[in-house]
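Participant: I have a structure here, written as C-alpha cells, and I will follow up with some questions on it.
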C-alpha cells in the first residue's frame, strides 16, 4: 500500500515540478508548451528506465537516479538560456538620469534673533526632580 501511495505522490510532485519549470523557463505560450513537452518526455523516459530496474540499488542506485534527474534539468536550463537570450549582448537601453535634489551650501555665521522672549534662561543648569516637593493639589483639608 505504501508503494502505491508514494508512487502517486511522486507522480503528482513531478507534475508540479514540470508545470513550474515550464512556466519559469519560458515566457511565451509556444515555448512553455515546448518545455512542457520536453519535460514530459524526460519524465516518461525516467519512468521507462525505472521500470526496467536500471535505477534499482542493484542497477545503479541513488547516483543513477540523481543523474537521471539532474542532467536533463541542467540541459533544459542551458537550452532555455541559449534560446531565450540569457547570454545575449547587453542592450543599448540608456538609463534615466538620477532625480534632481535641491541642495544648499552651509556656511559659518551668527543668527540674530528677531524677537526677544521675556524671562530668564539659564543654559546648562541641572535640575533635580524630587518627590519631597509639595503641590497644592496634594494638600487635603479635613473638615
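The values are calculated or read from the model by the stated rules, or taken from the named source; none is laboratory data. Not measured: the values here are computed from a predicted model. Reconstructed Cβ throughout: ideal geometry from the backbone, glycine too, with neighbour counts over all protein chains shown.
Participant: If I filter segment 17-37 down to residues being closer than 18 Å to residue 68 by Cα and within 26 Å of the chain's Cα centre (by Cα), which single residue comes out as surrounded by the most Cβ atoms within 10 Å (Cβ to Cβ)?
Facilitator: If we take residues in segment 17-37 being closer than 18 Å to residue 68 by Cα and within 26 Å of the chain's Cα centre (by Cα), then 35 is surrounded by the most Cβ atoms within 10 Å (Cβ to Cβ).
Participant: Test residue 40 against the criterion of being out of contact with any strand residue (DSSP E or B) (no Cβ under 7 Å at 6 or more places or on another chain), free of Cβ contacts under 8 Å to residues at least 40 places away in the same chain, under 16 Å from residue 19 (Cβ atoms) and surrounded by 12 or more Cβ atoms within 10 Å (Cβ to Cβ), and give yes or no.
Facilitator: yes
Participant: If you scan segment 18-37, which residues turn out to be touching a residue at least 12 places away in the same chain (Cβ under 8 Å) and in a helix (DSSP H, G or I)?
Facilitator: 18, 19, 21, 22, 25, 31, 35, 36
Participant: While we're here: Looking at segment 64-93 only, could you name the residues that are modelled with pLDDT under 70 and not in a helix (DSSP H, G or I)?
Facilitator: Scanning segment 64-93 gives 85, 86, 87, 88, 89, 90, 91.
Participant: Could you give me the residue pairs with C-beta distances under 9 Å whose first residue belongs to segment 45-63 and is at positive phi and assigned to a loop (DSSP other than H, G, I, E, B), whose second residue is modelled with pLDDT under 80 and surrounded by 11 or more Cβ atoms within 10 Å (Cβ to Cβ) wherever it lies, and which are 6+ apart or on separate chains?
Facilitator: Taking only residues 6 or more apart or on different chains, the pairs are 53/59.
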